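To start, the structure under review is shown below, and the notes come after it.
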Amino acid sequence: MLTVPRNQMVSIDVVQQPLRARMCGFASADKRLIDPPPILKLTGGDVGSTNLYILSVSLWSENLTKDVSITEKYFSGASLKYTADNASSSSQSLYKVELTEGYDSCRVLWGGLAATCTRLKDLDGVVGNFFVFHDLSVRSSGVYRLKFELFVMNITGAKMTPIASTSSDIFTVYTPKSFPGILETTALSRWFAKQGVSVRLRQTGENAAG
C-alpha cells in the first residue's frame, strides 16, 4: 500500500491470474491472447475520481529482474501517450491512452498496455473497482510475469510516478507445437462479460490452436 494525494491509501491486487498463452507473430492480425485475461482490483483511493486511475502493464522475466516488454532493438522514449478525450460522454473515459509509434514497432507484449478503472459487481454481488486486460499477447515463448503499475492522471504535464504496483504469478508462453490448448472461460470473466466488459468467451473443446 502506498499513500496518494489527500492521504488516500490504495492497493491493487490480482484477482485473476494469467496462466498460459500461445506465442503470436509480429503481424498485427496474429493475436493469441493470454489466458485467462488478468483482472485486478483497486482497493481504497478516491471513489469519486476512479476515472483518473490508469493501470499499466509490462512483461518481466520470471524473477522480476528484467523488463522484457520490448525486443533487444534499441528504443528510447515514452511508451504511452495520454490525451484528453473531449468527445467522451462517459465520466470513466476522460482520457485516451495510446502507444507511441516507436514503442509499438518493437514490443514483445502486444495489446492494450493500459486499462482504466471500471466499477463492476464481483461474483458475490459486491460492487468494486476493477481493471481488465482482455487483449494481451506475447510475441516470444518463455516463462514470464506481468508487472502492473497504478498512476493518477494529471493535466499539468508533470511526469507521473506510480502510486502502487504489483506483479502476477509466473505464466508460460508456448510455441505453437507445444501449446497445450486453450482453457475454459473463467466464471469471473463470464460474469464481467455479462456486465458489458469486452472479454473473449471460450468453451473447453474448441480448437486448441486458439
Simple label model, 7 Å out from Cα along Cβ direction - residue 135 to residue 170, nm: 3.1 nm
With DNA, RNA and ligands ignored, accessible area of residue 126 (1.4 Å probe; Å², nearest 10): 80 Å²
Cut-off 14 Å between beta-carbons: net charge of the residues surrounding residue 42, Lys and Arg +1, Asp and Glu -1: -2
Directionally averaged projected area (convex hull, Cα atoms, the range 109-151), nm²: 4.1 nm²
Over the range 126-192: Rg over Rh, Cα atoms, Kirkwood Rh: 1.06
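Suppose accessible area is computed on protein heavy atoms with a 1.4 Å probe; arrange 160, 9, 153 from highest to lowest.
I get 9, 160, 153, largest accessible area first.
The values are calculated or read from the model by the stated rules, or taken from the named source; none is laboratory data. Note that this is a predicted model, so its numbers are computed, not measured. Please note: Cβ atoms are built from the backbone with ideal geometry, for glycine as well, and neighbour counts cover all protein chains shown. The accessibility values were calculated without ligands, DNA or RNA, using every heavy atom of the protein model including side chains. Shrake-Rupley method; radii C 1.70, N 1.55, O 1.52, S 1.80 Å.
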